[in-house]
Every structure is written in structure tokens, then in C-alpha cells.
Amino acid sequence: MSAVPSSAREEQRSADALLSIQKVEKRFSKRAVLCGISLDVAPGEFLTILGESGSGKTTLLRLIAGFEQLDGGEIWMGSERLDEIPAYRRQVNTVFQSYALFPHLSVFENVAYGLRAKNAPRNEIPDRVTQALAMVKMSEFTQSAPSRLSGGQQQRVALARALVNRPRVLLLDEPLSALDANLRRQMQTELKSLQREVGITFIFVTHDQEEAMALSDRIALLRSGRLEQVAEPREIYGHPRTAYVAQFIGQTNLLRAEVRDGTATSGSIAWPAPGPSGPAMFSLRPESIRLASVASASPSGTSANFHGRIRNQTFGGAMDLVEIDCGNSQAIRARVPSPGTLSGQQNFEFNAGDAVRVQEGSET
Amino acid sequence: MYSRTYKAGVTIPPLLWVTSFLLVPYAILFCYSFWSVSSLQVVVHNWNLQNYAQLFRNPLYLIVLLRSIRIAGAVTLLALLLGYPLAYYLSFHAAKRKDLLYQLVIIPLWASYLVRGYAWKTILGSDGVLNGFLQYLHITHRPVEFFLYSPFAVILTLTHIYTPFTFLPVYASLEHVPRNLVEASHDLGASPLSTFLRVILPLSLPGILAGATFAFVLTLGDFLAPLLVGGPSGIMISNIVVSLFGAAYNWPLGAAISFCMLLLVVTLLFVTERLEKRFTIS
């Protein structure tokens, strides 16, 4: 692998990538944590690395920051080989999950830390710190000790402390996970607008798929050290590549079907499905399923009808979650506008295009 | 809520202990310091300040006290210079060897103080290991007398004995430095040296203070090491107290010196505790 000249490797990277992660491997003792991750990050992008705990997402972030050493592969930033320089020389800053504010320094000194460390001109420091604190609405806490601040306020200071250095990439390690739900939503909005304002590339790690979809330009879904899918939120939600992605992002029904002559059949349900014949797995989002009137029984070219017994109904405000027993082994879940209480046999329909063919993937 | 019997049960025993073994003896000591010894070698209960006056009139006491403080200061400094890097290495870089090294530091604490004192005597003496070695290498032709029976020998012995006491609190404080702060510092562009000076060192100050206090106070009150390896020039203030309570039979003067020492140490402990609190960040 090392025989490939570095110029050839550079050609492999797409020209407009700011950060290029290539075939990155990481093991802890003998356990493989990351197995050949390749990912390009564009300048100004908000990329989310999404995954369950233990998927390796934080490890990937720590590799970019320089807190861990690679066991294989390369990380490039522009024309610079990032993984060969120590953490303190990388133009990357991190917002830690636990904030990691220096407890013996004031808010001002915390934010000024990076500027002082890099010997920024002394007369610039106060202005830049003040500006950064204003950006995160923490101007009035300049002289406070970090321990006096609430979690949300500490989060803001941590953000200012990182952004004041004008990094080329900002890494955020589940920065909102310690906040309560309301504050979390508020910070999500602010984070997104902040990112647009400063135009810095954000790499955001989270296990929360809703957060990922709300914030990201692109989502990289990591599973057991491998990238399952990298796509824009709408794409990853609408066209999950694998069954795992479909289940991880939002709720879905996984239908095991047999495709023959352009028609897929799963139990009593049949719908038009292009593509090769044979057994296949489909993902059908609960909200794609509608209640249908009994009359429209004739199957048109683009939709599918089925009927089943209501097994369970959960009130959810505007939309109710309904579990339908169609005689298959598993119940089908549908999210329908609150119809009042349903019971007995009901008719349902969905657009054939909403049943998305997914790869089953290995169940590990 | 605890019952009154429970509360009494847990408070009274320690209270009794402290009163009978600490407060009462100190009170007696305090009384003694105002009494005097008659020509018939009997302690007379005539209250006066003669003993305290003598402490300041006779330069011997002040000289020995200052020497004791100097020795204590030197031991403190050396114990920190040895203990801190060791603690730092163990806490941050020892990885798998951590437990083993920690035990190796602790084990000497289980050996008797006297044994360690005598060990230095055999090393430093005129026919000791060190002199034998130097003569074997022809660096010296006669035994060097300076090694034993000098303040140097006292400092060496006490540094050896009290370094683990300095190491322990420093190590504990280093273990409490959150590792993500070190990462944050690197992340913000600070080199390892700069990170040490600006994050690790300030956050381990409480441990440094506690360790320094241990070494200083224990050395200041030490009388065995000067007795074993100090010689006349290595006499410390506690040796004077010992002789005043023993051969010289002047308990009142001994009590006065003891009480001054007690005052000095209590003030020191008070100040360092305040400082430790100031540097400890919750």
C-alpha cells in the first residue's frame, strides 16, 4: 500500500474536498473499531457522523483531532497530511461532550487560551475573545468561573473557545447530549445558524438521528466501524441503502417480499416494483401508508392496497400510530392523521414508489 | 434523622480521645512553659515569662531553629523535585507499569524509620559503602568525613524518608486532573510543555501544597535523623527539646520551645490549608 506514490494518492481525492479520510483503520488492543473508513468533507459543509454507541463515531472524531493514532489509512487536509502532525499543530478544534473548560481559568481566559497558545498578537486577543463570546451570547459572563455556569452556558463558552481560533474544521462530539430537551432544540437551531454565519466546516457526532436530520447537510451513518451510507438527510431517509439504515433513521416497516415480473408480493400485499426478480427487502415508512376508502379496491399502476385488522392504536396528537395485522408474521405500522378510534378491518393504501428496496446487510 | 444516642455514640469517643490525648497534654505543656526550675532541680510553679525571654535572648535557639527551617526547606524542595516528576510519570505515562511502580514507591514506607536511618549511616560513614566505592575508584584517598554527621546527611536521609509523603498527595492531585482538559489544551494549539505549565501544574497545586506541608512539618519536628547522621553541626530544634526534657532537665524551657514550634506548625497548616482550598477547583 505504501508503494503508491503520494501524488497518485492525491489524485484519488476529489479536488474540492477540505478534509479527506482515506481507508482509515483503528484497533483498540485487538478489537477493530474502524474498518477502512473513506469519507470526503467539503468546505463549509455540516457533516454529521451518526451511529449507535460503540459504532466508532467518537473514535473517528478523535482521529481527526489527533487524540488517537491511526492503525491504517490517511487523513488529509488540503495538501497536508493531517495524521502525521500532532494534535496541537492541526487547524482543527473540538467541542467536547463534557465541554472540558479549564476550571482554573475565567470564561475570558478559556476563550483566549488558544489565541495565547498560538501567540496571536496581544492587542488582538481582547477583541477576538469579546467577539467570540458575543457570537454565542455570553458577553455578560466574561469574568465568571466556568463552574458558576449552567450546562448550556458552558456549552456556549466551549463553542466560543473553539471558534475563536477560526479552525478550518470544527469537530463536535455529542455537544448537546447533556442538555435537556428544550435547551437542546434551541441550541440545535443556534448551532445551525452559527455554522452558516461563520462558514466553517462542522463535523458533528451524535447518536440522535432526529438531531442529525435537523442539522446536517450530509449524514454519514456508521455501524460497527463501517460506513453504512453517506447521503443528504432527505436522501438517506427517503432512500435508505440498507435495512439497518431504514430502521436506524426514523421508523419503518421492513417487508420481506418476492419480486416477479415487476410485482412485489409480501403476504397479502402486492405492489408494482421494478428491478430484478427474486427475494427482496423493502422499507415502507409508516407515514407513507394512508387510510383508504373501501371503494378504491382496484389496484392502479402506482399504488397498492391492502387491508388488515387494527391491533393497536397509539394517540400521538396530530398523527396516530396504528398497528395493522395483515396476517403476516409482523404487524405493519402506519402513521395516519388522527382518525378517531379505529377498529376491526380497515383498508389502507400506499404509493408503490414509497416502498424502497433495501439491502438486507449482514446482521452483526 | 439519627437518634440522639447514635449521635452521642459517634461524637463522644473521638471527642474524649482528642481531649485526653491532645488538648490536656497541650494545656499541661502550656502551663509548664511559664514555670521554672529551682537550683534543686525541682519544677517551681511560679508563673513568669522567663523561658520565652530566654528563647529570644540566647541566640543558640534561634540559630538552631533557623537551621531546622533551612533543612526543612531543603528537604521539602528536594522531595518535590523528586516526587513530582515521579508522580507525573506514573499518572500520565506509566500505563501498565503504574501499579507496580506505585507499590515500589509505597513499600519503603513499611520499613522502619530507624532501619532507613541506620542504612544511611552505613552508606555515608567513613568506612561506609560510599567512601569505600570512592576509594576503590581512586577518586579519594582518604574517607570523606563530610558525608556523615552534617546537615547534608540529615537532608539526604530525610529526603529519602519523606519523598513518598510528598509523592502521594501530588500523585492524587495529578490523577484528578481530567484528561480531557489535557486534550482540550492540545486541541487549542498548546504544546505538551505549555499544556503542563498552563493546565497540569496549576491544577496540581493543591497536591504540591499538601505534599510540601507534609515534608516541611515532618522534617521540622524530626529529631531521629539528626541524632543518627547529623552530628553536632546537624543538630535541629527537636534535639534541643529532647535534651531539655532529658539530660538537661529543664522541662519548662523545653515546653516553651515546644509551644513555639506548635504555634509555628499550626499557623503553617492553617495557611497551607487556606491556600489549598483556594487552588482546589470543584
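The values are calculated or read from the model by the stated rules, or taken from the named source; none is laboratory data. Because the structure is a prediction, the values reported are computed rather than measured. No Cβ is skipped: glycine too gets one built from the backbone with ideal geometry, and neighbour counts run over all protein chains shown.
Details
- Check on A:TYR99, of a type in the set (Ser, Thr, Tyr), part of a helix (DSSP H, G or I) and buried (at least 19 other Cβ atoms within 10 Å of the Cβ): no
- Taken together, B:LEU16, B:LEU29 contain a single residue that is assigned to a helix (DSSP H, G or I) and touching a residue at least 12 places away in the same chain (Cβ under 8 Å), which is B:LEU29.
- Of all the listed residues (A:LEU60, A:LEU115, A:LEU82), the sole one being within 11 Å of A:ARG161 (Cβ to Cβ) and surrounded by 15 or more Cβ atoms within 10 Å (Cβ to Cβ) is A:LEU115.
- Residue among A:GLN143, A:GLN154, A:GLN69 that is more than 14 Å from B:GLU183 (Cα to Cα) and either in contact with a strand residue (DSSP E or B) (Cβ under 6 Å, 6 or more places away or on another chain) or not in a helix (DSSP H, G or I) (or both): A:GLN143
- Of all residues in the range B:150-159 being more than 14 Å from B:THR76 (Cβ to Cβ) and of a type outside the set (A, V, I, L, M), the one that is farthest from the chain's Cα centre (by Cα): B:SER150
- When the test is whether a residue is away from chain A (no Cβ under 14 Å) and modelled with pLDDT of 95 or more, B:PHE223 does not pass it.
- Residues located in the range B:215-227, provided they are crowded, with 22+ Cβ neighbours inside 10 Å and in a helix (DSSP H, G or I): B:ALA215, B:PHE216, B:THR219, B:LEU220, B:ALA225, B:PRO226
- Test for B:ALA190: is it touching a strand residue (DSSP E or B) at 6+ places or on another chain (Cβ under 9 Å) and within 14 Å of another protein chain (Cβ to nearest Cβ): no
- In the range A:24-53, residue nearest to A:GLY250 (Cα to Cα) [restricted to those that are free of Cβ contacts under 8 Å to residues at least 40 places away in the same chain and of a type outside the set (Ser, Thr, Tyr)]: A:ASP40
- Residue match in the range A:111-130 (condition: under 30 Å from A:ALA17 (Cα atoms) and away from chain B (no Cβ under 14 Å)): no
- The range B:175-187, subset surrounded by fewer than 23 Cβ atoms within 10 Å (Cβ to Cβ) and outside any loop (DSSP other than H, G, I, E, B), residue farthest from the other protein chains (Cβ to nearest Cβ): B:GLU175
- Selection over the range A:159-186 of residues that are among the aliphatic types (A, V, I, L, M) and loosely packed, with under 15 Cβ neighbours inside 10 Å gives a count of 1.
- Residues in the range A:89-103 that are at the interface with chain B (Cβ under 7 Å from one of its Cβ atoms) and hydrophobic (A, V, I, L, M, F, W, C): A:PHE96, A:ALA100, A:PHE102.
- Qualifying residue in the range B:41-64 (condition: part of a loop (DSSP other than H, G, I, E, B), closer than 30 Å to B:ALA248 by Cα, β-branched (Val, Ile, Thr) and out of contact with any helix residue (DSSP H, G or I) (no Cβ under 6 Å at 6 or more places or on another chain)): yes
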